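Asks: Below are the structure tokens for one structure; questions will follow.
Taken together, the values in this text are just the output of simple stated rules run on the coordinates, not laboratory data. All of these numbers come straight from a predicted model, not from anything done at the bench. Here the Cβ positions follow ideal geometry from the backbone for every residue, glycine too, while neighbour counts run over all protein chains shown.
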Amino acid sequence: MQTIARHLEFHGRVQGVGFRHFIMHTALDLRITGWVRNRADGRVEAVVCGTPDAVHTMLERVRHGPAYAAVTKFEVTDVHETFERFEMRPTE
């Protein structure tokens, strides 16, 4: 089975609004592996890995974040990583 991975960065009001939990629950629902964390500068970043269809669906679902978020910029780049599970990492 082919897998792809993407690095995601979210800018705007993305901390303190349940963004990481939203990402994690979406990833678990889609059987995506990878990680999510807050950044000290106020961003949220994640790496998601899964089938092309699952990753595409993930990107569509998380593009705007949960209800109280206000994403002002969403960046996606290709990466070449694989993971065993999805995890929430400490702020960096």
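This table checks each residue for (1) surrounded by 20 or more Cβ atoms within 10 Å (Cβ to Cβ); (2) of a type in the set (D, E, K, R).
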position	(1), (2)
13	no, yes
18	no, no
28	no, no
36	yes, no
39	no, yes
42	no, no
48	yes, no
52	no, no
57	no, no
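Asks: Okay, next question. Go through the residues of the range 62-77 one by one and say whether even a single one is over 16 Å from residue 11 (Cβ atoms), touching a strand residue (DSSP E or B) at 6+ places or on another chain (Cβ under 9 Å) and surrounded by 15 or more Cβ atoms within 10 Å (Cβ to Cβ).
Replies: no
Asks: Mind checking which pairs have a first residue in the range 5-16 that is more than 23 Å from residue 31 (Cα to Cα) and without any contact (Cβ under 8 Å) to a residue 40 or more places away in the chain and a second that is part of a loop (DSSP other than H, G, I, E, B) and of a type outside the set (A, V, I, L, M, F, W, C), Cβ under 7 Å, 6 or more apart or different chains?
Replies: From residues that are more than 23 Å from residue 31 (Cα to Cα) and without any contact (Cβ under 8 Å) to a residue 40 or more places away in the chain, the pairs are 15/42.
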